[in-house]
Amino acid sequence: MAAEDLKKMITLKSSDGEEFKVEEAVAMELQTIRHMIEDECADNEIPLPNVNSKILSKVIEYCNKHVHAAKPVADGASALSPAEDLKNWDAEFVKVDQATLFDLSLAANYLDIKALLDLTCQTIADMIKGKTPEEIRRTFNIKNDFTAEEEDEIRRENQWAFE
Amino acid sequence: MSEEDEDQAPPKRPRATPPPDQVLDNVLETVLQFLAAPRDRSAASLVCRSWHRAESATRVSLAVRNILAASPARAARRFPNAHHILLKGRPRFADFNLLPPGWAGSAFRPWAAAFASAAFPALRSLSLKRITVTDDDLDLLARSLPPSFRELSFLLCDGFSSRGLASIASHCRGLRVLDVVDCEMNEEDDEVSDWVAAFPPGPTNLESLCFECFTPQVPFAALEALVARSPRLRRLGVNQHVSLGQLRRLMALTPHLTHLGTGAFRPGDGAEDEGLDLGQILTAFSSAGRANTLVSLSGFRDLAPEYLLTIATVAAANLTSLDLSYAPVTPDQFLPFIAQCRNLETLWVLDSVRDEGLDAMASFCKKLQFLRVLPLDAHEDADELVSEIGLAAISEGCRGLRSILYFCQRMTNAAVITMSQNCPELKVFRLCIMGRHQPDHMTGEPMDEGFGAIVRNCSKLTRLSTSGRLTDRAFEYIGKYGKSVRTLSVAFAGDGDLALQHLLQGCSKLEKLEIRDCPFGDAGLLSGMHHFYNMRFVWMSGCNLTLQGCKEVARRLPRMVVELVNSQPESERTDGVDILYMYRSLEGPREDVPPFVKIL
């Protein structure tokens, strides 16, 4: 084995007890973990009670990809630049069902992974664009808790003053 | 799973995450940061209470398109984190001296006070359009705006002078943008403040400095010194007193300019212009890779045409925007330059270029999207310099045209119809046939069919200005086909109330309506009652409205501010209504009302 294969591994444990071994460099993408590692208060096994195994495995897949994409491998296989390749990969990565998308954004928020947070939130924002309030509620299964008067007042304020 | 589990109802597993409507709350503010379009923002604010709160907290761009519609307190309460604020004031017809001065002179004061009291602590940029701003307002702002404040732009504003600019220059340390465009500033010749010298010493953060409309001379030494210590300057627009020699010196200090307002563009009498020749100007425009960075040229306030030709080969190819609206160039002077402008997207030009010049432009500028052909002499009986020939040529050559403003003396329906067929991307069509009630000069017919074709064929049309002789039929067409029209400007047209009825009952997206000197009366006005609360404003001047009719509108639409303005304050008007200007307001009628305005 070459020297670089002997990387330090960190174990992340999901809320449902599954263990994931990741390279330290990948674990550092999760800023909450990074702080723990740098402050040397991390064991080699870190429990993540807010993230289940399904989501954690996706998060790790994302971080793995992004850490290794930073070092471009010139294999001539792709006609696109590494940046474009990554962008396409990201676009495919977020093609998941809505619940998973939300869970990913929550996980990115909790684990403090800015790029993944931005990616998932941008994707959710794209689902809002061009929709009426009722359509947005239906898309995200949200209950309208305004009174009729409140809603009228806001609509009027929007249209008369702030649009 | 064991067999026992399959027999029972599936056990309720504890959810790893809360239900969707609560999930989003954790990341909602981050999601909303990616939502910029005003309509999307409005929609998000109406979803539910938590979304309303999150949207209000994250709105960074605030537009109050009628300063009289909402108070600064209301705006600050709802959008305390605004970074960019846009305020618009007077209606557009005020530009043509139809509204007496002082109509809403202190509308900005409460906003200045709000900014001064840190109602918007994150404020970075302020854009004002058609607003009266005094030197005292500017002084107040200058002394109290937060250190994050960076950009100030005035468009079509008035009421302030160089003293106010000097306050801003000396106190707003981080200023990046100071743009004063098409403003009417008050200047006492002997009391002009040297606002350019008022900028503090040391490097500035200026990225954009435009003062093309500033009428007094700016001391050149101070200007040169300021530009020399502004390494980030990308946009510079100087006034007509800056000579070509002086411009050359300024250009030498600003190698990264993208937008240049060129001042006089003629050699002057000063030291900077001694020995100035064409070669030096050629060098100024071609050196330091400038040919690749400069994308916009304007100014040419006293153009010496030979210099325009000189820069054609080096400056024109990269230009996307060209404003020659102060340069009365002939076709001979225009052609060699425009022939090089293959990338031009925006062109403002005088009709001195004639149909010939427009035809040539259309053959070269295939990417043109925004065009204004402005009159050298804006009178009914002026020489005819451009005609339907120019319009047709433009439509043949510039198929991607999105917006046109075209002044002429006469027009034909055929040319307008041709444009409607050739330019499907048109969003803005403003035709100004300067002769009142002018029919199609070839057929003698009204211009109904031409405008009809525009609304029928240009499905993206949002703004329309009509002119020429128009019967009610033209308005029937506009009402029937102009379903996406939001702004409509009508002058000296129509036969009677039916025309206005067609508009108000047909144009379901209509938001801004400006009408002058048309035979429309109360019946026409009242036909729009169902729609007025959906409109930003209605302006009707020189029509046949009566006090009765306007009172009826005010009675039935209590939240509409219905203003009757006397356009000649010196003379008492007892008959009929001079100007009706009505708009929605959340605050009720304004209190500071000049004597020539009556609010019903």
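The numbers here are math on the coordinates, done by the rules we state, and not lab data. Computed from a predicted structure; not experimentally measured. Note that each Cβ is placed from the backbone with ideal geometry, even for glycine, and that neighbours are counted across all protein chains shown.
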**Q.** Additional length obtainable on full extension of the chain from B:ALA222 to B:GLU29, 0.36 nm per residue less Cα span
**A.** 64.9 nm
Q: Starting from the amide H of A:ILE46, placed 1.01 Å from N in the peptide plane, find each other amide H under 5 Å away whose residue is 5 or more places distant or on another chain.
A: A:THR11, A:LEU12, A:LYS13
**Q.** Bins of 10 Å, starting at 0 and running to the largest distance - Cα pair percent for the stretch B:106-214
**A.** 15, 52, 30, 2
Q: Just tell me how shielded B:30-43 is by partners: mean number of partner chain Cβ atoms within 10 Å of each residue's Cβ, no decimals.
A: 6
Q) Other chains' Cβ within 10 Å of A:121-132 residues: what's the mean? A) 6
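Please identify the longest segment of chain A free of exposed trypsin sites (Lys or Arg not before Pro), where exposed means a DSSP state other than H, G, I, E or B and no more than 12 other Cβ atoms within 10 Å.
Values: sites that count: A:LYS7, A:LYS8, A:LYS95, A:LYS143.
Longest gap between qualifying sites, sites excluded: A:9-94.
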Q: Please turn the phi angles of the stretch A:85-92 into ³J(HN,Hα) values with the Karplus equation 6.51 cos²θ - 1.76 cosθ + 1.60 (θ = phi - 60°), one per residue in order, whole Hz, x for glycine and proline.
A: 4, 5, 4, 5, 4, 4, 4, 5
Q: Apply the Karplus parameterisation 6.51 cos²θ - 1.76 cosθ + 1.60, with θ equal to phi minus 60°, to every residue of the stretch B:172-183 and state each ³J(HN,Hα) to the nearest whole Hz, in sequence, with x for glycine and proline.
A: 8, 5, x, 4, 10, 10, 9, 10, 10, 10, 6, 9
Q: Could you work out how far helix A:114-128 tilts from the main Cα principal axis of chain A, as a 0 to 90 degree angle to the nearest 10?
A: 30 degrees
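Taking neighbour counts of Cβ atoms within 10 Å as a proxy for exposure, in what order, fewest first, do B:CYS518, B:CYS423 appear?
On the way: B:CYS518 24, B:CYS423 21.
With the sparsest Cβ surroundings first, the list reads B:CYS423, B:CYS518.
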Q. So what is the orientation-averaged projected area of the protein assembly as shown, using the convex hull of its C-alpha atoms, in nm²?
A. 43.3 nm²
**Q.** Formal net charge of residues neighbouring B:MET540 (Cβ-Cβ distance under 13 Å; K, R +1; D, E -1)
**A.** -4
Q. For A:102-110, what's the mean count of beta carbons from other chains sitting within 10 Å of each residue's beta carbon?
A. 4
Q.
Sequence gap at least 6, Cα distance under 8 Å: using those rules, report the relative contact order of chain B to the nearest whole percent.
A. 6 percent
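For a footprinting-style exposure proxy, rank A:SER81, B:SER465, B:SER567 by other Cβ within 10 Å, fewest first.
Fewest-to-most ranking of A:SER81, B:SER465, B:SER567: A:SER81, B:SER567, B:SER465.
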Q) Using a Gaussian network model of chain A with C-alpha springs under 10 Å, which one of A:CYS63, A:CYS41, A:CYS121 is most mobile by mean-square fluctuation? A) A:CYS41
Q: Specify whether the C-alpha gyration tensor of the stretch B:265-356 places it in the rounded, prolate or oblate class, a ≥ b ≥ c being the square roots of the eigenvalues: rounded for a/c under 1.5, otherwise prolate if a/b is larger than b/c and oblate if not.
A: oblate
Q | Note, ³J(HN,Hα) from phi for the stretch A:141-147, Karplus 6.51, -1.76, 1.60, rounded to Hz, x at Gly and Pro | A | 6, 10, 8, 7, 9, 7, 7
**Q.** Amide H partners (placed H, <5 Å) of B:ILE515, local residues excluded
**A.** B:VAL490, B:TRP539, B:MET540, B:SER541
Q.
With 10 angstrom as the radius, rank B:ILE389, B:ILE338, A:ILE154, B:ILE433 by how many other C-beta atoms surround their C-beta, starting from the fewest.
A. B:ILE389, A:ILE154, B:ILE433, B:ILE338
Q: For chain A, with a Gaussian network of springs between Cα atoms less than 10 Å apart, report the residue from A:ILE55, A:ILE136, A:ILE33 with the top mean-square fluctuation.
A: A:ILE136
**Q.** Under 5 Å, built H, 5+ apart or other chain: amide partners of B:GLY263
**A.** B:VAL238, B:PHE300, B:ARG301
Q: Only loop residues by DSSP count here, and only those with at most 10 other Cβ atoms within 10 Å; note down the GluC sites (Glu not before Pro) in the stretch B:479-577 that meet that.
A: B:GLU570, B:GLU572
**Q.** Volume per residue of the C-alpha convex hull in the stretch B:440-531, rounded to whole Å³
**A.** 76 Å³
Q | Hull-based mean projected area of chain B, where the convex hull spans the alpha carbons, in square nanometres | A | 35.3 nm²
